[in-house]
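> This is the structure, below, for whatever I ask next.
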Amino acid sequence: MGAPDRLPLPMVEAVRAIAQGPLAAAADAVDRGSYPRQILQDLGAAGAFAAHLGPQRDFAAAIRAMAEVSAVCGATGFMVWCQQVCGYYLEQSGNPALTGRVLSDHMTGACLGGTGMSNPMKAYAGIEPLLLKATPRGDGWVVNGTLPWVSNLGPDHYCGVLAGVEGTGQELMFLLRCDAPGVELRHCPSFSAMEGTGTWAIRCTDCFIGPDHVIAVPAKPYVARIRAGFILLQCGFGLGVVQGAIDSMWRVEPALGHVNRFLEDRPDELQAELDALWARIEALAATPFDASSDYFIDVLDARAHASELALRAAQSALMHAGARGYLLSSDVQRRVRESHFVAIVSPAIKHIRKEIARLSAPVMPA
């Protein structure tokens, strides 16, 4: 997948074997609502959740592992991102209560978790208000509020979330355990795809957060430090959906190539564009802590390109497949719906473009 002159890492090869074996057999069930817990744990054991962590961190390898999964099942690929980015939160917290056994169990997939940072990212962009509120109490905080969409969750899972701290103008980022007192998981409305992502609404009612669960306070400098990595990792989801769409085009080429050659966005053209995007993202992945605005704009632009390419590739795959791609059981039909999620999940294309416009605006003299 992309970068053909580069030999795949053993971790990526192990992930590919899982993706093309047990995950391929389960992809339709995951799309319809089956949570692939064992497959996620197998991916963790293969190293898919650890490549971007530690002194030898390799963000490009983590993105590539996610893309291998997403090429087969976008829902599971998205959960790989949830798991990877939650591990990133834990590592970067610097909190010994989170960077020891909690992090090691997370990296191997022994424990699973997600991210509830969609609302905070939108809040920082001025799109919506913060939905969780924290009130200082003793050596901790009491949290109240509801987050409507948080993925890769279950009764024994956890997620990284953020709340505004009443009366301080600051935010608290913390690890929220789904089985903690005062935490309730609520069912979300049915989605058009990716039903097996373990996506819930989380209701917090007087939930106490102590020091052992703190990721960052104040949270804003922490979020500024990790935001590029957060978005870079997410690119793997889109890249994989694109590759899956291209692969499906090649599968129908022997039978339909004589007429498909009249279509736009042919698989060889899309592959060339994808390979170029891969090279760009891998270069950006070499410096995930670059704090410059120019670098972050490049990251945002690459993420937008992945979304736009996923939409085009999935649509083209449907056109290449013809009527067989319109069957509900078709992987092409599923990938069209997955590509829509790539484009609307935070940061959505419109969110990205708003942020690029803000960062690119000229600074007016005082």
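> With springs connecting C-alpha atoms under 10 Å apart, model the chain as a Gaussian network and identify which of ALA343, ALA228, ALA125 has the largest mean-square fluctuation.
Checking each option, the largest mean-square fluctuation is seen for ALA125.
> Residues of region 144-162 with backbone nitrogen within less than 12 Å of a virtual label 7 Å along the Cα-to-Cβ line of ARG37, please, listed as ranges.
Those under the cut-off are 153-157.
> Put +1 on the Cβ of every Lys and Arg and -1 on every Asp and Glu Cβ in the chain; which of PRO221, VAL15, SER118 then has its Cα farthest towards the positive end of the dipole?
Final value for the positive-end residue is SER118.
> Now for a different question. Which whole-Hz ³J(HN,Hα) couplings does region 127-138 yield from phi under the Karplus relation 6.51 cos²θ - 1.76 cosθ + 1.60, θ = phi - 60°, glycine and proline marked x?
Ordered by residue, 3J(HN,Hα) equals 8, 8, x, 5, 9, 9, 10, 10, 10, x, 8, x Hz.
> Using 0.36 nm per residue of separation minus the Cα-Cα distance, give me the extension gain between LEU9 and PHE208 in nm, one decimal.
Contour length minus the Cα-Cα distance gives 67.4 nm.
> Same structure, new question: Per q in 0.13 Å⁻¹, report the Debye log10 I(q)/I(0) for the chain, using one uniform scatterer on each alpha carbon and no solvent.
Here the Debye-derived log intensity ratios amount to -1.00.
> How many Lys pairs in the chain lie less than 18 angstrom apart by Cα atoms, where the lysines are 8 or more positions apart or on different chains?
5
> Using helices alone, what [θ] at 222 nm do you get for the chain, with -39,500 (n - 2.57) per DSSP H run of 4 or more residues, divided over all residues and rounded to the nearest 500?
-17000 deg cm²/dmol
> Hey, rough spin-label estimate for CYS188 and SER329, points 7 angstrom out along Cα→Cβ, what's it come to in nanometres?
Output for this residue pair reads 2.8 nm.
> At 1.567 mPa s and 4 °C, plugging the Kirkwood radius over alpha-carbon pairs of region 114-216 into Stokes-Einstein gives what diffusion coefficient in µm²/s?
Values: Rh = 13.8 Å.
My calculation gives 94 µm²/s for D.
> In the Gaussian network model of the chain, springs joining C-alpha atoms below 10 Å, which of MET66, MET319, MET249 carries the largest mean-square fluctuation?
MET319
> Now a separate question. Is any residue of region 89-127 close enough, with backbone N under 16 Å, to a label point placed 7 angstrom from the Cα of GLN56 along the Cα-Cβ axis, and if so, which?
Counting only backbone N, you get 108.
> Starting with the fewest neighbours, write out CYS111, CYS188 ranked by other beta-carbon atoms found within 10 Å of each beta-carbon.
Final ranking by Cβ density, sparse to dense: CYS188, CYS111.
> About its Cα centre, how strong a charge dipole does the chain have in debye, to the nearest 20, once Lys and Arg get +1 and Asp and Glu get -1 at the Cβ?
Approximately 540 debye in magnitude.
> A further question on this structure: Can you give me the long-range amide H partners of CYS207? Hydrogens built in the peptide plane at 1.01 Å from N, cutoff under 5 Å, separation of 5 or more residues or another chain.
The list, which skips near neighbours in sequence, is VAL143.
> Can I ask one more? Using bins 5 angstrom wide from zero, how does P(r) for region 10-108 break down, in % of all Cα pairs?
Taking all Cα pairs of region 10-108, the binned fractions are 3, 15, 26, 24, 16, 10, 5, 2, 0 percent.
Bear in mind these aren't lab numbers, they're just calculated from the coordinates by the rules spelled out. Since this is a predicted model, take the numbers as computed values, not measurements. Glycine gets a Cβ as well: all are built from the backbone with ideal geometry, and neighbour counts include every protein chain shown.
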